[in-house]
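Chemist: Please see the structure below; I have some questions.
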Amino acid sequence: MEWCRSSADSPCIYWLCAMAGMGKSTIARTVSMACDNEKRLGASFFFCKDDENLKNAQNFVTTIAFQLAEHIHGLKPLVGEAIKNQPDISEKTLEIQWKHLISDPLNSLDKPILEGFVVIIDALDECENNDDIQLILRVLARANEIHATHLKVFVTSRPETPIRKIFGYTMMKMHQLQILHHVPRETIDHNIRLYFQDQLKDDVTPENLDRLVEKAGGLFISAATACLFLKGAPAMKEKRLNLLLTNGTSSQNPEKVLDSIYTSILLSAIKDKYDEDEYEEVFKRYKRIVGAIILVSIPIPMDTLSRLLRLSKEAINDIIGDLHSVLDIPADNSYPIRTLHLSFRDFLLSGSRCQNTNLRIDELQGHRNLLSECLKCMSDKLRENMCDIPYPGISSCNVKKEIIEKALPPDLQYACRYWIYHLQRSGNEVSNDGNIEKFLQTHFLHWLEALSLMGMVLEGIDAIRALESKVSSDGNERLYELSHDARRFITKHRKTIEDAPLQIYSSALIFSPTSSIIRQQFTKKIPMWIKTPPLVRENWDPLLQTREGHSDSVETLAFSPDGETLASGSSDNTVRLWDPVTGASRGTLEGHSDTVFTLEFSPNGKTLASGSWDKTVRLWDPATGALHGTLEGHSDTVKTLAFSPDGNTLASGSWDKTVRLWDPATRASRGTLEGHSSGVNTLAFSPDGKILASGSWDKTVRLWDPATGALRGTLEGHSGSVFTLAFSPNGKILASGSWDNTVRLWDLATGASCGTLEGHSSRVNTLAFSPDENAHASGPWDKTVRLWDLASGALRGTLEDHSDWIKTLAFSSDGKFLADCQSSNGQLNPWGTSGSWITHEQHNMLFLPVDVRPRCYSIFSAFVAWGDAFGRVYTMELSSYQPPSNSIYPVNAGIRKAYERFHL
């Protein structure tokens, strides 16, 4: 404590070094309590190999910073500001964390703090990574750079070589060293005697007290273990005391003394309870239970241990019930069982120290046993859709914690996380009994689903990589190929799996190469609603692309009216025709000299029109791929196309500010409609084909007579570009949507405005009328749908549960329901797209990975098609979907978003 109170001139680090069992942690706790009483405790961090959060340096600096901020006046807001400026500071290196969370905030204090603060670091040697230890000591050495207060660091550890080297070579002048095992034996024995007197009171004679001190051999852990053993069964105290005093000789070295104590405790726990003819079975069970307790990756509770080993809690208690002097066995079965000291584990695993073969734990065999238990646990309990999630696009973060914990109990979670850990430590080649291969072939996807729900997908990648490495060295070629493919699978689809666990069975499978072992093994797991998956590459090689496709990004797609043909237009200047069912190419239509920007099928499907940046329109026969003709006349990009309802007229709108009319049969021009002062964005024919409306960047809508080309009127009022038009079913009203965030309604008989529908927070992208013309729906980029009463112009409702901007709207034929159907033919369709997802009734269903992400899409009935930025076109055939009937989710009231968008 004198060092703790000393001036800033004294060394900033005090290193207490000692062998195992000499009381380092006890001293650390004592110093911590004393500093706390004197208001000079800044922070503490006690490393522990048994604790997932305390066996590495990941949380070291942030924990120290948090505690310093609590104890030092004025520091908390400075640390908070540092975190605000660098939200990802916890992911930075330890040096950067120390500088921004500790050093800089302390040096920025308004007033220097005269009193010193002490940071306690215990059991540094139990930090599992030597590189982390080096980094920790390096940042601790910077404590003397903090001038606003005297920050001192008290460190305890075993004299491990990496720690000794760092202190010896780089921190000679910065630390004070105390080696406990160099302290005179008389001093240590005196302290141990005081401990025995405090713990045993007057229950032992002075003579026996002397012998107990002598037996402890200078090790505090020996004294502590002996006291626990003696106090654990008051009625047996005399017998146990005699056992301790007669076992071994006083000439033994301290470690031998401790070993004899451990041996006595273990044998007493078994021989006092069982008959000799039961020993073989009892010791076998002892090795299974105690071996599991000391070899599990993290300490586990009695409840978990019981389920993992498939033994009753009573059976386990029969073995360990009298081992409280070496094991921490909580009364609450939900708390972990731990060894009281690391030396007990070391003793059990050492052939030279634990010479009784009935008591010694075979480490390799113990790990093999735990691997077997983990595989058995997972094989029995894992299944598809563990949490009965109703829709495959639901994110794991939206699944309630209590549902996950019920579906994945602690024993199953342990098995999922650590089966590879035990395999790595099993010492020999991967078992030839085929259990691991069988598990992967049956439950690999189930295992990934569990990891996703647990938030442990990254650990899964590390585990499979470790498996791949192990089996490659073992020469197990078949298992190596399986594990290699499994690693490619999980690495490729990591983000998908992390976000939505059920996408493992849909997106991850169908977007894996056709030659993937995992895909082939689990093909039957692909959901029934995916009738025809898209064509994908054959191999994992990222340089391979699909065998057929565009050589540049796909800009536009269109289905034929019967849905039998899909057309795609690309920046590679071509149009391609596809079979939506098989994905097979039906031909490439070449002729454009620049990007194909828009496509439109004639109503009878016998003509396909394509508009391009090369300023032309080309007419194709989609059945043969033959070019019917090229329509020239525009002086800028052709942005939009529209066939009249009878198919006898084709209108093309261009950024040259004109609309041109064509006869598709003769390819003759029927006239040029001039009047717009900027590019034409959208065209629409009235239901009877007698009016053509055009919307432009010039913020106006113009009405034309397509028969004569005469201008019938100009509709002005928008303050932004007009991008979408829709006629009412009777052709009497026209709606226009604009970048000014409004919808305007026009009376076509008079050209007068019927009203302005305001309320959207972004540009209006799509419009739809109800069949009875009493209602109108609009969809903007603000991810909402607004429903309007046409008679009054009043807003009937706002539908706000969309995850992306609205692309297309359609009413059902009876007008009772509205859907953002996203269909190329404007018909009600439950399937759609939303950002990175294919959706069904507004529920995310199929995630589209980055490398197949849509640049444009089209939907016809059960066919979904999209083109990506690499020129590839994908088609899928889908069917209806019903959530599982056993779902525990409130499908209708909570998670489910109504497909029947709004009752009119």
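The values are calculated or read from the model by the stated rules, or taken from the named source; none is laboratory data. Because the structure is predicted, anything quoted here is derived from the model rather than measured. Methodologically, a virtual Cβ is constructed for each residue, glycine included, from the backbone with ideal geometry; neighbour enumeration extends over all protein chains shown. The protein model used for the area step is the full one, side chains on, heavy atoms only, and it has no ligands, DNA or RNA in it. Shrake-Rupley method; radii C 1.70, N 1.55, O 1.52, S 1.80 Å.
Chemist: Can Gly427 be described as exposed (fewer than 15 other Cβ atoms within 10 Å of the Cβ), farther than 25 Å from Tyr881 by Cβ and in contact (Cβ under 8 Å) with a residue 60 or more places away in the chain?
Modeler: In short, yes.
Chemist: If you scan the range 341-355, which residues turn out to be over 25 Å from Asp122 (Cβ atoms) and among the hydroxyl-bearing types (Ser, Thr, Tyr)?
Modeler: Taking the range 341-355 first, the residues over 25 Å from Asp122 (Cβ atoms) are 351-352, 354-355.
Across the range 341-355, the qualifying residue is only Ser352.
Chemist: So Phe344 passes all but one of these: (1) part of a helix (DSSP H, G or I); (2) open to solvent by less than 60 Å² (accessible area, probe 1.4 Å); (3) under 21 Å from Leu502 (Cα atoms). Which condition number does it fail?
Modeler: (3)
Chemist: Of Trp15, Trp98, which residue is out of contact with any strand residue (DSSP E or B) (no Cβ under 9 Å at 6 or more places or on another chain), surrounded by 20 or more Cβ atoms within 10 Å (Cβ to Cβ) and not aliphatic (A, V, I, L, M)?
Modeler: Only one candidate qualifies: Trp98.
Chemist: Look through the range 268-289, keep the residues that are open to solvent by 40 Å² or more (accessible area, probe 1.4 Å) and touching a residue at least 12 places away in the same chain (Cβ under 8 Å), and return whichever of them is farthest from the chain's Cα centre (by Cα). It would help to see each step written out before you state the result.
Modeler: Looking only at the range 268-289, we keep the residues that are open to solvent by 40 Å² or more (accessible area, probe 1.4 Å), and these are 271-281, 284-285, 287-288.
When the remaining residues are screened for being touching a residue at least 12 places away in the same chain (Cβ under 8 Å), the result is 272-273, 279, 285, 287-288.
Details: Asp272: 52, Lys273: 50, Tyr279: 49, Arg285: 39, Lys287: 38, Arg288: 35 Å.
Once the filter is applied, the top-ranked residue is Asp272.
Chemist: Check off (1) surrounded by fewer than 16 Cβ atoms within 10 Å (Cβ to Cβ); (2) under 13 Å from Ile121 (Cα atoms) for Lys24 and give me the number that stays unchecked.
Modeler: (1)
Chemist: In addition: Take the residues in the range 56-69 that are within 13 Å of Leu101 (Cα to Cα) and either outside the structural domain of Gly42 (by the TED database) or not hydrophobic (A, V, I, L, M, F, W, C) (or both), then tell me which one is nearest to the chain's Cα centre (by Cα).
Modeler: Asn59
Chemist: Filter the range 631-648 down to the residues that are in contact with an Asp or Glu (Cβ under 8 Å, 6 or more places away or on another chain) and among the acidic types (Asp, Glu) and list them by number.
Modeler: If the condition is that a residue be in contact with an Asp or Glu (Cβ under 8 Å, 6 or more places away or on another chain) and among the acidic types (Asp, Glu), then Asp636 is the only one that fits.
Chemist: State the number of residues belonging to the range 583-605 that are touching a residue at least 40 places away in the same chain (Cβ under 8 Å) and either open to solvent by 60 Å² or more (accessible area, probe 1.4 Å) or of a type in the set (Lys, Arg) (or both).
Modeler: Total meeting the criteria: 3.
The rows are residues; the columns are (1) over 21 Å from Phe117 (Cβ atoms); (2) open to solvent by less than 40 Å² (accessible area, probe 1.4 Å).
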residue	(1), (2)
Gly42	no, yes
Asn53	yes, no
Asn56	yes, yes
Ile64	no, yes
Gln67	no, no
Ile72	no, yes
Lys92	yes, no
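Chemist: Looking for something within 19 Å of His367 (Cα to Cα) and either assigned to a helix (DSSP H, G or I) or in contact (Cβ under 8 Å) with a residue 40 or more places away in the chain (or both) - is there at least one such residue anywhere in the range 440-454? First the steps, then the outcome.
Modeler: Taking the range 440-454 and keeping what is within 19 Å of His367 (Cα to Cα), we get none.
No: the range 440-454 contains no residue that is within 19 Å of His367 (Cα to Cα) and either assigned to a helix (DSSP H, G or I) or in contact (Cβ under 8 Å) with a residue 40 or more places away in the chain (or both).
Chemist: If the Cβ limit is 7 Å and pairs must be 6+ apart or interchain, which residue in the range 739-756 that is of a type in the set (Ser, Thr, Tyr) pairs with which residue that is open to solvent by 30 Å² or more (accessible area, probe 1.4 Å) and at pLDDT below 85?
Modeler: If the second residue must be open to solvent by 30 Å² or more (accessible area, probe 1.4 Å) and at pLDDT below 85, the pairs left are Thr742/Thr756; Thr742/Glu758.
Chemist: Ok, one more. Please find, within the range 355-385, the residue that is nearest to His446 (Cα to Cα) out of those that are touching a helix residue (DSSP H, G or I) at 6+ places or on another chain (Cβ under 8 Å), assigned to a helix (DSSP H, G or I) and aliphatic (A, V, I, L, M).
Modeler: Met378
The rows are residues; the columns are (1) more than 51 Å from the chain's Cα centre (by Cα); (2) open to solvent by 40 Å² or more (accessible area, probe 1.4 Å); (3) more than 19 Å from Leu577 (Cβ to Cβ).
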| position | (1), (2), (3) |
| --- | --- |
| Leu619 | no, no, no |
| Thr624 | no, yes, no |
| Leu631 | yes, no, yes |
| Val638 | no, no, yes |
| Ser654 | no, no, yes |
